[in-house]
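Chemist: Right, I'll just put the structure down here and ask away after.
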Amino acid sequence: MKNTNICQILKNGSAYVGKRVTVSGWVRTSRESKTMAFIELNDGTSLKHVQLVVDKSVVDEATLEKVTPLGTALEVEGVVVESVVKKGGFEINADKFTVLGECPPDYPLQKKYHTMEYLRTIPHLRVRTNTFNAMLRVRSKVSFAIHKFFQEQGFVYVHTPIITGSDCEGAGEIFRVTTLSYEDAKKMPSEEEYYKADFFGKRAGLTVSGQLEGEVAAMAMGKIYTFGPTFRAENSNTPRHAAEFWQIEPEVAFAKLPDIIKIAESMIKYIIRYTLDNCSDEIEFFENAFEKGLKEKLEKVVNSDFAVLDYSDAIEILKKADVEFKFPVEWGLDLQTEHERYITEKVLGKPVFVTNYPKHIKAFYMKQNPDGKTVAATDLLVPGIGEIIGCSEREADYDKLSQAMVERGMNLDDYKGYLSLRRYGSVPHSGFGLGLERILMYITGISNIRDVELYARTAGDLME
Ligand code: 4AD
Ligand code: MG
C-alpha cells in the first residue's frame, strides 16, 4: 500500500509540501465552481478531512462526475500544498483518480446533519459520520488510558470468564446461556432435569460482572483489574442502560474503602487528562456539536477534588430540596437518577462519592459497617449522568458474608469457592466497577448510551 495517512498530511503537512502523495478514503463533501472542484476526503485516520483541489482543466468532466458523489471510495494522487484559505492548513492538488468503490445516490448519508435516532437505524453507515468517527477515536484512547493507568500502577490485567454460573449483583438480570432448543426443553420432566441436560450440566449465564472471579485473582496477585464485556438483562429503557456494556473492575487486596476511593478518583482524572491531551480535535468537536462548556468541565474535573457525601446526609439534603421528585426520598430507599443528578449537579456541581448506603439495597458482598445498618459502599455520581462507578470494600468475614447471602435467599453451594476465600488467608479488600460507556457519555457529552457503542444492545432492540 503506497497510501499516506490523511492525518499525516494534516499534522505534518510542511514535510510533504511540494511532494506527490497517494491517499485513499471516502468522499465526505464535494462542491464545484466554474473552474475548480473541491472534495473533502476522510480515511478514518483523523477526525478532520483533507481537501482535494481539482483543476477542471486538468481533470475531465466525466471523471469528476464519478469521483464527487458522497460516500465514493477513492484512491487519489496529487501534490501537497499549503492551503490558500486556511492559514497553517494543507491540501492536495489532485490530478489522478481511481474509483475504488462507487456510491450511488441512494446512499443514506446525503445530508450534513442527521438525527441520532435516524443514525441508529443505519449502524453499518453511521460510523462514517463525524460524530461516530470522534466517538470511536475517544473510545479507543480512553480504553488505552485505562490500561495505561493500571499497568503503570502495577495492576495485573486478568480475564474473567464471560460464561458463569453465579449472579454477582444478585439482581437476577442474567442472560441465559443454553444449547437446548425449545423442543428439547418441552421434553424435560422437571426444571432440574432440564438444567442437567444442558451443555454445562447446570444453569449458566452471561456474566453481569467479573468481580467474584476478580476477587479470586486479587487474593493471589494483590492488585488486579478486568476490562471486558458484561451483560445485563435489565428491562429498563433509559438512555444510560445497555444490555451489553464494557466494565473496568479493579480489585485491590489490603485496601479499605478510603483507599479504593482514592484509586477511583485518580483513575478518572488520569483518563480525562489523557483524553484532553490526546483527543483535542474530538473534544473540540463534541464541545461544538454536543455540550457547550465541555472542555472547561473536563479541565475542572481534573483539577478539583471530588466530594464525599454520606448517604444519610444525601437523604437529608434531598428531603430539604425545593424540588418535586418523581420518586420518594426516605432513608432506606435507593437513590434514583433524578436524586443522584440533583446532588451532583445542583448541590455540589462536581463528581461526588456517596458512601455508606443502607445494606438491604446493596449487594451481598459489601462490607457491613459496625452500625449494623449500612455497608462500606460508594457510588461515584457525575453531573449530567448520575452513577458511573459502583464501589465497595468487600465483606472479608466468613460468617457475616454467608449470613448476608442466606438473608438474600442465595444458594451457598453455588458460591463455595468465593466463600472459601474468607477461610484461607482472608484480608480486607476493595474494588469497583466503572462502566466504559458511562464515562464516554460524560467525556463526549453524548446523551444516549446507544450512541457510544459501535452497535448498541438494549431491551427490545438488537441493533443490526
Ligand atoms: O454498580 P454495578 O452494578 O457494580 C458492579 O457490577 C460491581 N460488581 C462492580 C465491582 O465492584 N467490581 O455496575 C458498575 C458500573 C455502574 O456504575 C455503571 O457505570 C455500569 O457499571 N453499569 C452499566 N452501564 C451500562 N448499562 C448498564 N445496564 C449498566 N449497569 C451497570
Ligand atoms: Mg451500581
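Chemist: Kindly put His360, His49, His114 in sequence by how many other C-beta atoms sit within 10 Å of each C-beta, fewest to most.
Modeler: His360, His114, His49
Chemist: P(r) for region 268-317: what percent of alpha-carbon pairs falls in each 10 Å bin, starting at zero?
Modeler: 23, 39, 22, 15, 1
Chemist: Put one equal scatterer on each alpha carbon of the chain, apply the Debye formula with no solvent term, and list log10 I(q)/I(0) at q = 0.11 1/Å to two decimals.
Modeler: -0.97
Chemist: Taking the 0 to 90 degree range and rounding to the nearest ten, how far is the long axis of helix 398-407 tilted relative to the main principal axis of the chain, both from C-alpha atoms?
Modeler: 80
Chemist: Which trypsin sites (Lys or Arg not before Pro) in region 163-266 sit in a loop by DSSP (not H, G, I, E or B) and have at most 11 other Cβ atoms within 10 Å of their own Cβ?
Modeler: Lys202
Chemist: Here's something else I'd like to know. Which of the trypsin sites (Lys or Arg not before Pro) across region 309-411 are loop residues per DSSP, with 16 or fewer other Cβ within 10 Å?
Modeler: Here the trypsin sites (Lys or Arg not before Pro) that fit, given the DSSP loop and packing criteria, are Lys326, Lys373, Arg408.
Chemist: So, in Å, what gap is there between the alpha-carbon centers of region 143-166 and region 6-81?
Modeler: Centre-to-centre (Cα) distance: 42 Å.
Chemist: Then there's this: With an 8 Å cut-off on Cα pairs and a minimum separation of 6 or more residues, tell me the relative contact order of the chain in percent.
Modeler: For the chain, the relative contact order is 14 percent.
Chemist: Taking the Cα centre of each part, how many Å lie between region 342-356 and region 82-100?
Modeler: 49
Chemist: In nm, what is the difference between 0.36 nm times the number of residues separating Phe144 and Lys256 and their Cα-Cα distance?
Modeler: Extra length from Phe144 to Lys256 when fully extended: 37.6 nm.
Chemist: What ranking of Thr378, Thr355, Thr98 emerges when the number of other C-beta atoms within 10 Å of each C-beta is taken as an exposure proxy, fewest first?
Modeler: Thr98, Thr355, Thr378
Chemist: What number does region 7-146 give for Rg over Rh if you use C-alpha atoms and the Kirkwood radius?
Modeler: Taking Rh as the inverse mean 1/r over Cα pairs, Rg/Rh reads 0.99.
Chemist: Could you list Ser304, Ser57, Ser402, Ser166 in order of exposure, starting from the residue whose Cβ has the fewest other Cβ atoms within 10 Å?
Modeler: Ranking Ser304, Ser57, Ser402, Ser166 by Cβ neighbours within 10 Å, fewest first, gives Ser57, Ser304, Ser402, Ser166.
Chemist: Between Tyr398 and Ser304, what is the FRET efficiency for a Förster distance of 41 Å, r being their Cβ-Cβ separation, to the nearest 0.05?
Modeler: Efficiency for this residue pair is about 0.50.
Chemist: Can you flag which of Lys66/Lys292; Lys320/Lys400; Lys112/Lys297; Lys112/Lys292 are past 30 Å Cα-Cα?
Modeler: Lys66/Lys292; Lys320/Lys400
Chemist: Can you work out D for region 105-226 in µm² s⁻¹ from Stokes-Einstein, where Rh is the Kirkwood radius over C-alpha pairs, the temperature is 10 °C and the viscosity is 1.306 mPa s?
Modeler: Here the translational diffusion coefficient equals 84 µm²/s.
Chemist: So which trypsin sites (Lys or Arg not before Pro) in region 75-134 are both in a DSSP loop and have at most 14 other Cβ atoms within 10 Å of their Cβ?
Modeler: For trypsin sites (Lys or Arg not before Pro) across region 75-134 that sit outside H, G, I, E and B with at most 14 neighbouring Cβ atoms in 10 Å, the list reads Lys86, Lys87, Lys111, Lys112.
Just so you know, all these numbers are worked out from the coordinates, no wet-lab data involved. Bear in mind the structure is a predicted one, so any value in this text is a computation, not a measurement. When we count neighbours, we look across all protein chains shown, and the Cβ atoms used for this are built from the backbone with ideal geometry, even at glycine.
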